[in-house]
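A short write-up of the structure that comes next.
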Amino acid sequence: MLQNLFFKSLEQGLVFGIMALGVYITFKILKFSDLTVDGSFPLGAAVAASLIVSGHSPFFATAAALLAGTFAGLITGVLNTKAGISDLLSGILTMTSLYSINLRIMGRPNTPLLNQPTVYSLIDDFSKNVWPLFPSKHIYLLFFIIFALFVKIFLDAFLKTQMGFALRATGDNPQMIRSQGVNTDLAKIVGLVISNGLVALSGALVAQYQGFADVGMGVGTIVAGLASVIIGDSLLGERSVFVSTLGVLFGSFLYRFSISLVLSFRLAQASDLKLFTAIVVIIALTAPRFKQSLKLPAKGCESYGNS
Amino acid sequence: MVILDHIQKIFHRNTPNENQALDDVSLKIKEGDFVTVIGSNGAGKSTMLNAIAGVYPIDGGKIILDDVDITSLAECKRAAFIGRVFQDPMLGTSPSMTIEKNLSMAYARPKNMTLRWGLDFSRRKLFKDYLKNIPLGLEKRLSTKVKLLSGGQRQALTLVMATMKKPKLLLLDEHTAALDPKTALLVNRLTEEIVHKNNITTIMVTHNLEHAIKMGNRLIMMHKGQIVMDIKGEEKSTMTIPRLLNKFEQLQGEKFAEDRVMLA
């Protein structure tokens with residue numbers, strides 16, 4: 001059973017890991033607390049599911065979902081930089097409006113994808129034609145490993161370009177990068193666009209993976225994303241972009257695995273999950289503090305950690 | 001050629017705290033000039049630099065750089081031809097990025113939003129050669145994060161970054177004020193070396209009268225938002241601290257009161 005649990009968690013960890021990579025861009029690179037993801041994740045699912053149900057190709061549907069997500073990020077970015085609304089509030093505003101928009105897109109709260117083609121079924125069919133021995137049982141795992149790594153490598157490469165440097169400096173020292181001629185408003189918007197594009201892409205893949213899109217499936221996305229980013233960070237550290245993004249995927253897997261463990265041993269019921277998630281994030285966020293105070297027994301006036 | 005044409009800056013306008021930081025300041029700086037600026041606290045020195053750099057809009061007048069009116073140009077657009085070093089060593093660099101990445105951003109200025117690789121073999125070699133000219137040993141630490149450097153090393157790095165692409169104008173806002181005297185001397189020497197070698201038009205604000213007299217070829221004293229003294233040529237090269245203070249007293253009828261000014 002544990003082996004089955006492990007592989008299921010790996011699948012989920014990787015497909016939700018694409019969302020976590022999006023959260024990594026805003027939270028870690030731009031230091032922007034972007035709550036849009038709670039809306040752009042179901043947006044991706046809604047767009048993909050609706051398009052598939054109405055007879056469009058799953059590949060086209062997934063690409064359209066990605067595009068819709070980038071648009072959501074653009075709105076948050078414009079609200080924040082051009083309208084001067086704080087990062088938290090501009091994300092909340094976009095997220096809230098997306099709830100209605102997602103209902104409009106689907107026309108109802110839930111769109112099942114039963115007996116509909118998905119990117120997985122199409123790839124599975126294609127692979128079986130080419131190679132009859134293709135292990136269909138592992139189609140999800142194979143697809144997610146390849147695709148999540150592809151997204152990770154794409155992100156790594158992007159962060160090594162001149163524009164990637166500018167985004168990192170925007171989160172690190174906006175005054176400095178402005179004096180190097182970068183419009184930090186534009187840099188923030190670019191980051192939010194890419195981030196929410198990835199989140200919506202993840203939403204589209206999750207909808208096809210679980211067989212439905214639901215308007216409520218976005219609740220807590222940001223917390224799950226943060227949990228993955230923070231777990232990866234505290235386990236692998238910030239040595240380089242390559243290690244950090246790998247840590248995000250690994251953190252996402254560990255997060256899903258621990259949830260599956262808790263559920264399968266009946267330590268909690270499914271409805272307790274959000275509470276459990278929040279506690280995981282709190283522990284991950286405060287762990288460095290505890291570690292510090294263990295190392296430095298002298299009690300001063302300042303608290304340590306969280307530099 | 002830099003022209004400040006009757007520029008005005010008023011902070012907190014129409015409030016009890018209204019403060020005329022720049023009062024009808026006009027100044028013409030020739031290409032290649034190295035101008036040092038002194039003055040007491042609140043004289044308007046930093047306000048003048050920030051106005052030129054575009055940190056905030058001015059309330060009147062024009063700023064012209066090489067025949068182009070830049071008065072309404074955004075800060076990040078002006079950065080294409082204005083290099084800056086700040087007083088705070090934390091401000092000029094991106095602390096959690098490496099030296100070579102910081103240099104790469106300066107080298108790419110102002111075309112930083114492109115998808116070109118930020119670093120490659122030839123750039124690394126270029127940066128290494130560039131840093132060899134500074135006696136700080138930074139050329140061996142290209143992949144060190146900037147937050148691990150000392151204040152002096154950071155200011156030297158910021159100076160290199162500000163001048164890497166030759167700017168039309170270099171603004172130095174008390175860039176050695178936060179450093180110990182020995183490091184300040186080193187950064188000042190480096191400043192003179194870079195400015196002279198590349199013939200960069202420079203405005204340097206300082207609280208150190210000695211530095212203001214020794215460095216550059218023109219000295220400006222500001223007081224209450226106005227330029228009250230402008231010393232060039234031979235008068236500048238033969239100037240001493242007592243004569244400078246004397247001249248200020250004659251001009252203003254009051255003593256040059258400034259506890260932060262260092263006399264020696």
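The values are calculated or read from the model by the stated rules, or taken from the named source; none is laboratory data. All of these numbers come straight from a predicted model, not from anything done at the bench. Using ideal geometry, Cβ is built from the backbone for each residue, glycine included, and neighbour counts are taken over all protein chains shown.
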For the stretch A:152-163: of the residues being at the interface with chain B (Cβ under 7 Å from one of its Cβ atoms) and assigned to a helix (DSSP H, G or I), which is nearest to A:L21 (Cα to Cα)?
A:M163
Go over the candidates B:V195, B:V160 one by one and state the one that is away from every other protein chain (no Cβ under 14 Å) and at pLDDT 90 or above.
B:V195
Residue among A:L5, A:L66 that alone is surrounded by fewer than 24 Cβ atoms within 10 Å (Cβ to Cβ) and more than 23 Å from A:M163 (Cβ to Cβ):
A:L5
Single residue of the stretch A:164-175 satisfying the filter (in a helix (DSSP H, G or I) and facing another protein chain (nearest Cβ under 8 Å)) that is farthest from the chain's Cα centre (by Cα):
A:Q175
Is at least one residue of the stretch A:264-276 under 30 Å from A:P117 (Cβ atoms) and crowded, with 16+ Cβ neighbours inside 10 Å?
no
Contact list please: Cβ distance under 8 Å, first residue in the stretch A:233-245 and within 14 Å of chain B (Cβ to nearest Cβ) and free of Cβ contacts under 8 Å to residues at least 40 places away in the same chain, second residue surrounded by 14 or more Cβ atoms within 10 Å (Cβ to Cβ) and assigned to a loop (DSSP other than H, G, I, E, B), pairs at least six apart or on different chains.
A:E238/B:S96
Any chance you could count how many residues in the stretch B:165-193 are crowded, with 20+ Cβ neighbours inside 10 Å and within 20 Å of B:L49 (Cα to Cα)?
12
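Would it be correct to say that A:A157 is over 21 Å from the mean Cα position of the chain (by Cα), modelled with pLDDT of 95 or more and either surrounded by fewer than 20 Cβ atoms within 10 Å (Cβ to Cβ) or under 14 Å from B:T114 (Cα atoms) (or both)?
no
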Hey, does the stretch B:103-112 have a residue that's more than 14 Å from chain A (Cβ to nearest Cβ) and not basic (K, R)?
no
Does B:G137 meet the test of being surrounded by 21 or more Cβ atoms within 10 Å (Cβ to Cβ) and either over 21 Å from the mean Cα position of the chain (by Cα) or acidic (D, E) (or both)?
no
A careful count of residues in the stretch A:88-110 that are buried (at least 22 other Cβ atoms within 10 Å of the Cβ) and under 27 Å from A:A187 (Cα atoms) gives 5
Just checking, does the stretch B:51-70 include any residue being within 14 Å of the chain's Cα centre (by Cα), within 13 Å of chain A (Cβ to nearest Cβ) and either free of Cβ contacts under 8 Å to residues at least 60 places away in the same chain or surrounded by fewer than 18 Cβ atoms within 10 Å (Cβ to Cβ) (or both)?
yes
Suppose the filter is within 14 Å of chain A (Cβ to nearest Cβ) and either closer than 23 Å to B:A212 by Cα or at pLDDT 90 or above (or both); does B:R123 pass it?
yes
If you go through A:L142, A:L192, A:L98, the only one that is under 21 Å from the mean Cα position of the chain (by Cα), away from chain B (no Cβ under 14 Å), part of a helix (DSSP H, G or I) and under 30 Å from B:L103 (Cβ atoms) is A:L192
Among (1) away from chain B (no Cβ under 14 Å); (2) touching a Pro at 6+ places or on another chain (Cβ under 7 Å), A:A287 falls short only on (2)
Given the criteria farther than 30 Å from A:S57 by Cβ and modelled with pLDDT of 90 or more, does A:M217 qualify?
no
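For the stretch A:26-43, give me each residue that is under 18 Å from A:A204 (Cβ atoms) and either surrounded by fewer than 24 Cβ atoms within 10 Å (Cβ to Cβ) or touching a Ser or Thr at 6+ places or on another chain (Cβ under 7 Å) (or both).
Passing the criteria: A:T36, A:V37, A:D38, A:G39, A:F41.
Can you spot a residue in the stretch B:92-100 that is within 22 Å of A:K188 (Cβ to Cβ), at the interface with chain A (Cβ under 7 Å from one of its Cβ atoms) and not in a loop (DSSP other than H, G, I, E, B)?
no
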Run down B:N17, B:N41 and say which single residue is surrounded by fewer than 22 Cβ atoms within 10 Å (Cβ to Cβ), without any contact (Cβ under 8 Å) to a residue 40 or more places away in the chain, part of a loop (DSSP other than H, G, I, E, B) and polar (S, T, N, Q).
B:N17
Output for the stretch B:111-125, where each listed residue is under 21 Å from A:F154 (Cα atoms) and either in contact (Cβ under 8 Å) with a residue 12 or more places away in the chain or of a type in the set (S, T, N, Q) (or both)
B:N112, B:T114, B:G118, B:L119
Which one is nearest to the other protein chains (Cβ to nearest Cβ) among residues in the stretch A:246-265 that are hydrophobic (A, V, I, L, M, F, W, C) and touching a helix residue (DSSP H, G or I) at 6+ places or on another chain (Cβ under 6 Å)?
A:V248
Considering the stretch B:74-91, residues that are of a type outside the set (A, V, I, L, M, F, W, C) and part of a helix (DSSP H, G or I), and then whichever is nearest to the other protein chains (Cβ to nearest Cβ), we arrive at B:E75
